[in-house]
Every structure is written in structure tokens, then in C-alpha cells.
Amino acid sequence: MGAGLVTLAPPAAAMAEHALPPDALMRRTVDDADALAKLASDRRGMALCIGPGCGVTRAAALLDAVRAAARPTVLDADALTALAKAPGATPPDCVLTPHGGEFARLFPDLADQLSTDTPSRPKPAILREAARRIGAVIVLKGPDTVIANRQGRVAIHSDPHIPWLATAGSGDVLAGIITGLLARGLPAFDAACLGVRLHGAVARRHGPGLIADDLIDGLAPVIAEWDG
């Protein structure tokens, strides 16, 4: 997505599993909150993504350091479950990318409203309420992905004709796309909207049989088309 430098930050015990190509990625071990705080003390422009492959216990141990870093942040996967177990403030310019189950853990009452055949409020209104409560941008993933921020802006990306996007790891790629856009300086809501559009466009271009790695490989051609 054009981030100038990307650093993977696994615990030391898992570093060997990450010592594989691509060689352009940096690696630094982060075993605890102090190590993450030190990494985030670099004053260059930085965005953080925490959750994919992290583990709920580790994510919970790092959440306070993520908040203290006050950097544009994407919370996904295990970080969302950790946040649901220990609610608290989210960093500024924060984007949450839950699927339906993660949204239900964060907002059980709002998820109940969504799950009824005749919801009392439209889905965008429910997402506005969720974003206002948590003080962040929320991307509720699905065939009709809804994006909302705490100020009440809402965008809908509806594309039910790419069901192959519902494959393992595709949400992690979306989290990375949005993080890259945050690192390039886009505001959180704009980064979320553009990230969802790119994610869907790459999947549509690829067609059936998609795996998560195909999304990464397919980004550059789609971006080149849009720039043209």
C-alpha cells in the first residue's frame, strides 16, 4: 500500500517462523508492553496494526501500550476479542475491523438488533451508535460491509457477487491494507473506505478460487488501473 517501512513484531519465540521472504520486511521482537512502547517511540510517521495471529492473551497484554502510543491504529482479530474482554479507550484515528462474531462480542445488544429478521433500526444507524460508543471507525465486514465513524459518517460497500472473498486470511489482508493507508497519512474513515473498495476490487478481478495471498499480489495492478 506504499508504506515506506513495514516491521513485523512477533515475540522472540516466534521469530524463526517469520524469518522468511519477503526480505524487504523488517523484524523486531516484541515480548511485552515495554518493548512495544520502545518500538512506537520512533517519532517518524507510523501506523500500528495489532490482532492478526497475535493471540488474545498477548493482545490484551499489549493493548495499553497501543493506546499510549497514540498512533493511527487498526485493531483486528484477537485484538478485538481482547478489547471486548477489557473495554477501554481506543487510540485516536483508530479503525476496528470486526466480522459479525467479533462485533457481537464488542456490542452484544447492538448485535441482537442486527440479528433479527425485522431490526428496529437500519444497519447504518446501528453502526453509527457502535462507532459513537467506542470512539473509533468501525468496519463491519460482510457482503454489505458498513463503515461508520463516531461523527456519524457512514459508507456502505455492497458486493454480494464476490463470495470467494470469505476465505481465511482475507480479513487480515484488509487490516494490512487499511494500516498501510493510515501510514500514508489518510484519515481513519477515508483509509477504511478506500481499503474496503480496493479489497473488493482485487477479489472481483481475481475471481473464484481466491486465497488471501492473491489479494496481496493483485493490489498493484488494481492501483495502477485506478491511477491511470
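The values are calculated or read from the model by the stated rules, or taken from the named source; none is laboratory data. Just so it is clear, the model here is predicted, and its values are computed rather than measured. Note that we place each Cβ from the backbone using ideal geometry, even for glycine, and neighbour counts take in every protein chain shown. Just so you know, the surface numbers come from the protein's heavy atoms only, side chains and all, with ligands and any DNA or RNA stripped out. Shrake-Rupley method; radii C 1.70, N 1.55, O 1.52, S 1.80 Å.
Side notes on the structure shown:
- Subtracting the Cα-Cα distance of ILE156 and ASP42 from their residue separation scaled by 0.36 nm leaves 37.5 nm.
- Couplings 3J(HN,Hα) for the stretch 155-167, derived from phi with the Karplus relation 6.51 cos²θ - 1.76 cosθ + 1.60 (θ = phi - 60°), are 10, 10, 10, 10, 8, x, 8, 10, x, 5, 6, 7, 10 Hz, where x marks Gly and Pro.
- Shape summary: the chain maps onto an equivalent ellipsoid whose semi-axes, from the alpha-carbon gyration tensor, are 26, 23, 16 Å in decreasing order.
- In this simple spin-label model, placing a label point 7 Å from the Cα along the Cα-to-Cβ direction at both ALA166 and THR116 gives a separation of 2.4 nm.
- Given a 1.4 Å probe and the protein chains as shown, SER158 ends up with an accessible area of around 80 Å².
- Per-residue ³J(HN,Hα) for the stretch 20-26, Karplus 6.51 cos²θ - 1.76 cosθ + 1.60, θ = phi - 60°, Hz, x for Gly and Pro: 10, x, x, 5, 5, 7, 7
- Taken per residue, the accessible surface of the chain reaches 50 Å², heavy atoms only and a 1.4 Å probe.
- Overall, the stretch 146-228 carries a charge dipole of about 340 debye about its Cα centre when +1 sits on the Cβ of Lys and Arg and -1 on the Cβ of Asp and Glu, all other atoms neutral.
- Accessible surface for THR29 stands near 70 Å², nearest 10, in the context of the full protein assembly shown (1.4 Å probe).
- In this structure ILE162 has an accessible area near 10 Å², from a 1.4 Å probe over the protein heavy atoms.
- Fraction of accessible area attributable to carbon and sulfur, the stretch 15-121 (%, probe 1.4 Å): 55
- For the stretch 87-228, DSSP calls about 80 percent of its internal beta bridges antiparallel.
- Remark: spin-label model distance LEU8-ARG132 equals 4.2 nm, labels positioned 7 Å along the Cα→Cβ axis.
- You can think of it this way: the chain between HIS18 and ARG105 has 28.3 nm of extra reach, that is 0.36 nm per residue less the Cα-Cα gap.
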